[in-house]
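Structure first, commentary second.
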Amino acid sequence: QTVLVTGASGFIALHIVEKLLKEGNFKIRGTVRDVNNKEKCKPIYDLVKDPKYPIELVHADLGEDKGWKEAVEGVDLVLHTASPFFFADPEKSEEELIRPAVDGTKRVMEACAAEGSKVQRCIVTSSLASIMGCEKPEGHIFTEKDWSDPEQCDGYRLSKTLAEKTAWDFVKSNKGHTFELATINPSMVIGPVRGRPGTSVNMVKAMMKGEKPQMVGIGFVDVREVAEAHVKALTMPEAVGERFMLSADNLLMKDAAEWIKEVYESKGYGPFDYINEMEGDRKKIPKLADGSKVTTVMDVKYHDLKQSVLDTCESLIQNGLVK
Ligand code: NDP
């Protein structure tokens, strides 16, 4: 069987591809925006030495029609991870975040459903952003049953909410196709970097460089669990038609900064003076998201987040991404 991974050069996708290559059960095709971009493609080829099936890279852009039908040709299973993930200027968020996320998801769905396609299942990488963007009474613990309200969201959050809705609506409304859908909805993802650091890892990088993070603390998860859930969702019968939220725990940036300081200050990173200005008491932050379904249904076990933070730092150093 052949698996297509869209956005194969991304932080999360690199872990998914690595896992698939190591398991050696599937042929893999990946989409990238530019097959000649060495900086982005080399980390993909470097993931596993002499894999059983070498990965094939093809061009496809979420903003263009061309390329998607060809990308899906001969493919049995799709992992749609590609989506813009950065903090955009509010005036440009429609053009830079929402349109590529939503139209791109529609293009992938249409290619999966097109005549001649043999795609059986598509797993879409959604987000906690599609779950938590709605008002709930105090003390509410978010689960996969919750949906963000587009009226209460903007920017990245809106892009993920609308993109995920597009996928579910497509599967519900298009009677001609036969493929199954599941979504993986991670909270903020950290963990070892295989190529470039994405937006979430850049927060850890900033803290190592002595910069105060903008965020106080929300749900976090390790990229290794996110990759495991994607790969398991490809074949598990129980995954069909389901959303899987991944959140190991709340992570206070203040705690993360203290863990980083403990290990890396003596190695020349920091300064960590900003910790004194940081707010937050771990014990006072209520649990916001229940990420247990992925453990119950898929047997995915979460890393301890302290380990994830330190593994993130170590990989940034090893890859020369922080000096
Ligand atoms: P990255 O920025 O590392 O990866 C995003 C991927 O999407 C890249 O491969 C990028 O390609 C691709 N992409 C972006 N825009 C386009 C476009 N217009 N056309 C084609 N490809 C495009 O982020 P992550 O790995 O962190 O994110 C992967 C997925 O996980 C996204 O769907 C994101 O929303 C979701 N997610 C991430 C979380 C996190 O904390 N990291 C949390 C929850 C969900 P290129 O390399 O060319 O830029």
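The values are calculated or read from the model by the stated rules, or taken from the named source; none is laboratory data. Keep in mind the model is a prediction, meaning the values are calculated, not measured. Cβ coordinates were reconstructed from backbone atoms using ideal geometry, including for glycine residues, and neighbour counts include every protein chain displayed.
A few points about this structure:
- Entirely in segment 214-279, the strands (runs of 3 or more DSSP E) that have 2 or more residues that are modelled with pLDDT of 95 or more and closer than 18 Å to T312 by Cβ: 217-222
- Filtered by the rule that a residue be in contact (Cβ under 8 Å) with a residue 12 or more places away in the chain and more than 20 Å from T105 (Cα to Cα), segment 3-36 gives H15, E18, K19, L20, L21, K22, E23, G24, N25, F26, K27, V35.
- Residue in segment 305-313 that is under 30 Å from H230 (Cα atoms), part of a helix (DSSP H, G or I) and among the small types (G, A, S) present: yes
- Annotation: S173 fulfils all but one of (1) small (G, A, S); (2) more than 16 Å from the ligand (Cβ to nearest atom); (3) in contact with a strand residue (DSSP E or B) (Cβ under 9 Å, 6 or more places away or on another chain); the unmet one is (3).
- Residue match in segment 116-139 (condition: surrounded by fewer than 24 Cβ atoms within 10 Å (Cβ to Cβ), more than 22 Å from the chain's Cα centre (by Cα), among the acidic types (D, E) and within 30 Å of K284 (Cα to Cα)): yes
Each row is one residue, and each column tells you yes or no for (1) more than 10 Å from the ligand (Cβ to nearest atom); (2) modelled with pLDDT under 95; (3) among the aromatic types (F, W, Y); (4) touching a helix residue (DSSP H, G or I) at 6+ places or on another chain (Cβ under 6 Å).
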residue	(1), (2), (3), (4)
T143	yes, no, no, no
F179	yes, no, yes, yes
V189	no, no, no, yes
P192	yes, no, no, yes
P197	no, yes, no, yes
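- Leading residue by the ranking (surrounded by the most Cβ atoms within 10 Å (Cβ to Cβ)) among those in segment 196-249 that are under 16 Å from H15 (Cβ atoms) and polar (S, T, N, Q): S200
- When segment 199-213 is filtered for residues that are out of contact with any strand residue (DSSP E or B) (no Cβ under 7 Å at 6 or more places or on another chain), of a type in the set (G, A, S) and either in contact (Cβ under 8 Å) with a residue 60 or more places away in the chain or not in a helix (DSSP H, G or I) (or both), only G210 remains.
- Segment 49-70 residues that are surrounded by fewer than 17 Cβ atoms within 10 Å (Cβ to Cβ) and at pLDDT below 95, paired with ones that are of a type outside the set (S, T, Y) and in a loop (DSSP other than H, G, I, E, B) (beta carbon under 6 Å, 6 or more apart): K52/G24
- Selection count where residues are touching a residue at least 60 places away in the same chain (Cβ under 8 Å) and either surrounded by 21 or more Cβ atoms within 10 Å (Cβ to Cβ) or assigned to a helix (DSSP H, G or I) (or both), scope segment 85-103: 7
- Positions within segment 104-114 being more than 11 Å from the ligand (Cβ to nearest atom) and either assigned to a helix (DSSP H, G or I) or buried (at least 18 other Cβ atoms within 10 Å of the Cβ) (or both), in sequence order: K106, M109, E110, A111, C112, A113
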